[in-house]
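Below is one structure, written out as structure tokens, with a few remarks after it.
The values are calculated or read from the model by the stated rules, or taken from the named source; none is laboratory data. This structure is a prediction, so every number in the text was calculated from the model and none was measured. Positions of Cβ are backbone-derived with ideal geometry, glycine not excepted, and every protein chain shown enters the neighbour counts.
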Amino acid sequence: MSPSSQGGHDGPLRVLVARAVFPDIIEPLRDVAEVDTTPDDAISTPETLRRRLADKHGAFITGSERIDAALLDACPQLRVVSTMTVGVDHIDLAACAERGVTVTHAPDVLTETTADFGFTLLLAAARQVGDAERYLRAGHWAKWSVDLFAGADVFGATLGIVGMGRIGQAIARRAALGFNMRVLYHNRRRLAPSIEEALHASYRDLPDLLRESRHVLLALPYSPAAYHLIGAAELAQMQPGATLVNVARGGVIDEAALAQALHSGHLGAAGLDVFEGEPAVNPVLLRAPRVVLTPHIASSSLPTRRAMAQLAVDNLLAVLQGRPPITPVSG
Ligand code: DGY
């Protein structure tokens, strides 16, 4: 089928693939549209993105491309924005809805991989793997010592999960079934009793969760309401020596307050995969002790990144061809 004969559209359909994506997964888009790709994987400035999207009907984006009202106004033909992420905090959903632009995302396919990584960060932070590896590589290891990098136990400890969506629940299963942990959770909506029971998880309000948990893991979707949800006051409520892990979004934590809590010794450890203002990382975090820092890779196994890209392409194709999207963003 030619790019010009789809969905009752007069001229050829045009799609922007805003980042370098697995070429074999992108290929089917070429059957229905002219495809503007980004082989050098450069991140577009807002101005470049506006220029490149101006005549497009569909956009394949990642979390690095921001879609706002001003951009949409410059792209009158845009019908669908398909992000290969599950998070949609980089997209103004109201502005898309007002302009009739469908937004799709990529839930489910990354759940288990992201949960694996949340647990990886929890273990790595609690057991001080980052500092220990840097110590060894720097040639400082001269002798075995009884308390060398003596961290906290994870097995059997209490884990507090903030954000009990798909990823939070997948982490809860690992914690309860694999690590015999007592699982507490906080969520906008309390889960049904049957789900709580299946997950062996108990609901707490945030202050109680922070007070009762040895380890706290953040897996909530980002919204302005979540901005600095964990600040100095909340960190002070956490147990001395507690661990804080973030696989949500950087803006959830006041990073300066976190660095302070690590320096003071109140917080035992932290594991962060996301940062406010990433890819820039606040230098206070780079200087802080007992913190494992990773570059937003929680969903980054090759099969999962391929599945995310595939779902984004399938969503684009569905909307451009007049079919219902597979995973539209609801609400
Ligand atoms: C998501 O899908 O929202 C992740 O943060 C990107 O890996």
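Could you say whether any residue in region 225-245 is more than 14 Å from the ligand (Cβ to nearest atom), of a type in the set (Phe, Trp, Tyr) and assigned by TED's automatic domain parsing to the domain that holds Gly168?
For region 225-245, residues more than 14 Å from the ligand (Cβ to nearest atom), of a type in the set (Phe, Trp, Tyr) and assigned by TED's automatic domain parsing to the domain that holds Gly168: present.
Test Val183 against the stated conditions and say whether it is farther than 18 Å from Ile230 by Cβ and not polar (S, T, N, Q).
Judged against the criteria, Val183 is a match.
So, restricting to helices (runs of 4 or more DSSP H) that lie completely within region 255-331, which ones have at least 1 residues that are without any contact (Cβ under 8 Å) to a residue 24 or more places away in the chain and closer than 20 Å to Phe22 by Cα? Give the derivation first.
On the way: elements: 255-264, 283-287, 302-320.
Of the helices (runs of 4 or more DSSP H) lying wholly inside region 255-331, those with at least 1 residues that are without any contact (Cβ under 8 Å) to a residue 24 or more places away in the chain and closer than 20 Å to Phe22 by Cα span 302-320.
Would you mind finding the one in Asp254, Asp153, Asp205 that is under 21 Å from the mean Cα position of the chain (by Cα) and surrounded by fewer than 22 Cβ atoms within 10 Å (Cβ to Cβ)? Steps first, please.
Details: Asp153 fails: under 21 Å from the mean Cα position of the chain (by Cα); Asp205 fails: under 21 Å from the mean Cα position of the chain (by Cα).
From the options Asp254, Asp153, Asp205, the qualifying one is Asp254.
Among (1) away from the ligand (no atom under 16 Å from the Cβ); (2) in contact with a strand residue (DSSP E or B) (Cβ under 8 Å, 6 or more places away or on another chain); (3) closer than 21 Å to Thr294 by Cα; (4) not β-branched (Val, Ile, Thr), which single condition is Gly168 missing?
(1)
Quick one: Tyr185 ticks every box in (1) outside any loop (DSSP other than H, G, I, E, B); (2) more than 23 Å from the chain's Cα centre (by Cα) bar one, so which box is it?
Here Tyr185 meets the rest and fails (2).
Pick out the one residue from Ala97, Ala126 that is over 29 Å from Val329 (Cβ atoms), more than 16 Å from the ligand (Cβ to nearest atom) and more than 20 Å from the chain's Cα centre (by Cα).
Ala126
If you take the residues in region 274-288 that are crowded, with 17+ Cβ neighbours inside 10 Å and more than 16 Å from the ligand (Cβ to nearest atom), which one is farthest from Ser300 (Cα to Cα)?
Per the criteria, the residue is Ala288.
When the residues of region 74-87 are narrowed to those that are near the ligand (Cβ under 8 Å from one of its atoms) and of a type in the set (A, V, I, L, M), which ends up nearest to Lys56 (Cα to Cα)?
Of everything passing the filter in region 74-87, Met84 is nearest to Lys56 (Cα to Cα).
Can you go through Ala115, Ala106 and tell me which one is among the small types (Gly, Ala, Ser), part of a loop (DSSP other than H, G, I, E, B) and within 14 Å of the chain's Cα centre (by Cα)?
Answer to the check: Ala106.
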